[in-house]
1. Please list, ordered by chain and number, the residues whose modelled amide H lies under 5 Å from the amide H of PHE89; skip anything fewer than 5 residues away on the same chain.
2. Report the extension gain between SER211 and THR127 in nm, rounded to one decimal, defined as 0.36 nm multiplied by the number of residues separating them, less their alpha carbon distance.
3. From the Cα gyration tensor of the stretch 88-177, with a ≥ b ≥ c the square roots of its eigenvalues, which class applies: rounded if a/c is under 1.5, or else prolate if a/b is larger than b/c, or else oblate?
4. Which net charge results when you count Lys and Arg as +1 and Asp and Glu as -1 among the other residues whose beta-carbon is under 14 Å from that of ARG113?
5. Report, in listed order, any pair from LYS99/LYS179; LYS53/LYS131; LYS199/LYS241; LYS53/LYS179 with a Cα-Cα distance greater than 20 Å.
6. Taking 22 Å as R0, compute the FRET efficiency from the Cβ-Cβ separation of MET244 and GLU171 and round it to 0.05.
7. Can you give me the Rg/Rh ratio for the stretch 30-183, using Cα atoms for both radii and the Kirkwood formula for Rh?
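Just so it is clear, none of the values below were taken in a lab; they were calculated from the coordinates. This is a predicted model, so every value here is computed, not measured. Using ideal geometry, Cβ is built from the backbone for each residue, glycine included, and neighbour counts are taken over all protein chains shown.
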Amino acid sequence: MESWNLVETTNRDDCSGADPTWRTSSLRRGQGSTTAPLRSTSRSVSRIRGLFKRVVDVTGATTGLIATLPLMAVIALLIRSTMGAPILFRQRRPGLYGKPFTLVKFRTMSEDRSPSGELCPEEMRLTRLGKFLRRTSLDELPQLWNVLRGELSLVGPRPLLMQYLDRYSQEQMRRHDVKPGITGWAQVNGRNTISWEQKFSLDVWYVDNWSIMLDFRILAMTIVRVFSGKGVSQDGCATAKEFMGNRAGKNSDIHP
């Protein structure tokens with residue numbers, strides 16, 4: 001009599017960037033050279049959840065852009081009158097699976113340089129308007145455009161610097177298994193007042209525990225954090241020290 005064994009395999013489903021790992025089962029006869037796939041609902045469920053997340057992103061970003069357009073126009077005029085051009089800050093950041101994209105946000109620092117021609121430290125170039133924009137997170141508003149383009153999600157691990165990709169441990173790299181977000185689990189649980197290791201641990205937890213309800217919870221917590229103005233920067237830094245990898249090294253300020 002032939003025997004059949006149930007075998008599970010792990011596959012990647014990157015249709016949404018929300019839950020990239022799904023499991024499927026198959027029956028294998030005996031020592032098995034032949035497999036007969038069993039119809040699994042896990043992949044379709046993952047796609048539905050990812051599609052719903054994308055619908056929430058597009059709806060939220062569209063609504064946010066329309067609602068804040070007058071405010072963004074005022075901010076743009078203030079930046080232009082106090083700091084000059086450009087109004088927007090653009091930088092390449094790693095997205096889903098580390099694929100680069102151009103992040104946009106309102107500019108918060110001047111271009112002041114030392115007599116030798118080098119840019120002054122960030123804490124010296126951060127303007128009063130810039131401090132206000134960062135404290136209220138209004139500098140992040142242009143990223144709603146990144147959400148509409150599908151490069152960002154409303155919620156997800158923050159997109160950091162491209163050079164960090166070579167500095168992550170294998171576990172930390174898993175934070176890129178979902179789309180990055182404007183806000184995230186690490187942002188509502190300490191933001192720049194916690195260590196990089198703590199941030200990455202929270203990011204990976206989000207990857208493993210993502211759900212639509214969790215996203216709504218993070219969005220609600222973000223509103224509270226924005227009004228509190230807490231966690232914007234580490235002591236003695238404009239924002240946070242650069243992540244130098246899992247070995248101790250010299251740090252410098254960055255704007256995550």
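1. Amide H neighbours of PHE89, under 5 Å, 5+ apart: LYS105, PHE106, ARG107.
2. Gain on extension, SER211 to THR127, equals 26.4 nm.
3. Here the stretch 88-177 falls in the oblate category.
4. Charge balance near ARG113 sits at -3.
5. LYS53/LYS131
6. For MET244 and GLU171, the calculated efficiency is 0.80.
7. 1.13
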